[in-house]
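Quick note: the coordinates plus some simple rules give every number you see, no bench work behind them. The model shown is predicted, which means the values in this text are computed figures rather than measured ones. So basically every Cβ, Gly included, is an ideal-geometry build from the backbone, and we count neighbours across all protein chains shown.
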Amino acid sequence: MLTKEQKLKIIEAVRSRESNYRSRIRHAAALGISPSQLTRILKMQPELEGVLSDANWINIARKYDVPLTNEVHMKTARTAVFNHIWKQLEFAQENSVSGILCDRADIGKTHTALMYARENKNVAFIDCGRNKSKQDFIKAISKEFGLSTDATFNELFETLVFFLKTTDRPLIILDEFGDLRYPTYLEFKALWNATDKHCGWYAMGADGLATKINRHITYKKVGFAEIFSRLGNKYQRITPVNDKEFAAFQKKQITQIGLANGCDDVQRLHAKTNMSLRRIPIQISLERKLKAEENAGNEITKADNIDRPLPETVQCS
């Protein structure tokens, strides 16, 4: 069961995003709760107990990246990847244009896109890996914009088209774009056609996304040449192709992130993370834990903690 303090942190995050939606009704729909429930938790009257289920609270915390444990809450560093993607998202939204980014994994693409979606109005972030079918895809976009999903597929599609054409500069970010099923790509094309010049689109994926699209274009798979054309006929890229140059690029990013989060020894961070951004929170958490234990007088050596290799099975996201 969540504590009152945890719920108050979630409420503060919800309150800070109120202006991102046309109305409280839309905001509530995006959160998966009723408008009356949203009003009650924002007013904090009566008591919060029983207004939402723990599942609702946790879903909202996940959506707005609210930490509920003592895990490390990382500060965002404005790395080269962050700045590049942020500027591209701004341009796509302001001008209702489309683009596609295909670049290496583990460079900060998803983190930047999620942060942009949380901080800007009329932006939907869609994880295509979790919404592969055309039904889930259209429902996910609709829900992100606060639209009701209680309708037939055709009704939902037409409502979404109307919303996107009458909303001020909406932007839809499609992460893991390569994970969609084939019929969903055709649905994306249909939605793009119906909202041309009214909505910005930004698709993202790793290097394999470009390989997939190119292969389908080469073998004349219906729809893919048109999709690539609608996304600008060009794969955007940020990192160097050369592995040696990329290592230097990634090292600089890790240094920036480490310094932004109070890391005292960025050289150690380079070594212990194996140049992976996903491992940074783990390593920083271990360092902070060691410092806390040392301050408390515990006789724990760095050799027993920081210098031991991280378990190979540890995964971060």
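Taking Cβ atoms as reference points and 11 Å as the exclusive limit, the residues near V51 contribute a net charge of +1, counting Lys and Arg as +1 and Asp and Glu as -1.
Is there a pair in K75/K109; K75/K132; K109/K221 whose C-alpha atoms are over 21 Å apart, and which pairs would that be?
Details: K75/K109 16 Å; K75/K132 31 Å; K109/K221 28 Å.
Exceeds cut-off: K75/K132; K109/K221.
Rounded to the nearest 20, the size of the Cβ-charge dipole of the chain about its Cα centre is 720 debye, with Lys and Arg at +1 and Asp and Glu at -1.
Express in nm, to one decimal, how much length is gained between L8 and K121 on full extension, taking 0.36 nm for each residue of separation and deducting their alpha carbon distance.
Details: separation 113, 0.36 × 113 = 40.68 nm, distance 2.30 nm.
Full extension from L8 to K121 adds 38.4 nm.
The distance between label points at A247 and Y182 comes to 4.2 nm (points 7 Å beyond Cα on the Cα→Cβ vector).
In this structure, the amide hydrogen of A124, modeled 1.01 Å from its nitrogen in the peptide plane, lies closer than 5 angstrom to those of L171, I172, I173, counting only residues at least 5 positions away or on a different chain.
Can you tally the net charge around D136? Count Lys and Arg as +1, Asp and Glu as -1, for every other residue whose Cβ sits under 11 Å from the Cβ of D136. Combined, the nearby Lys, Arg, Asp and Glu give +4. Extending 7 Å from Cα along the Cβ direction at S34 and again at M275 yields two label points whose distance is 5.5 nm. Label positions at T149 and D54, each projected 7 Å from the Cα along the C-beta direction, are separated by 2.4 nm. In a DSSP loop and with at most 16 other Cβ atoms within 10 Å, the GluC sites (Glu not before Pro) in region 1-101 are E47, E49, E71.
Using alpha-carbon pairs under 8 Å, 6+ residues apart, how would you state the relative contact order of the chain in percent?
Numbers: 396 pairs, mean separation 61.9, N = 317.
Relative contact order for the chain comes out at 20 percent.
Could you tell me which GluC sites (Glu not before Pro) in region 258-299 are loop residues by DSSP with no more than 15 other beta carbons within 10 angstrom of their beta carbon? Mind dumping the intermediate values first?
Values: sites: E287, E293, E294, E299; in loops: E299.
Loop-located and lightly packed - E299.
For region 243-304, the relative contact order is 24 percent, taking Cα pairs closer than 8 Å that sit 6 or more residues apart in sequence and dividing their mean separation by the residue count.
Take each of the peptides 262-268, 198-204, average the number of other beta-carbon atoms within 10 Å over its residues, and list them starting from the highest.
Working: 262-268: 13.3, 198-204: 24.4.
For the peptides 262-268, 198-204, the packing ranking is 198-204, 262-268.
Each peptide in 209-222, 171-184 was scored by the mean count of other Cβ atoms within 10 Å over its residues; highest first, the order is 171-184, 209-222.
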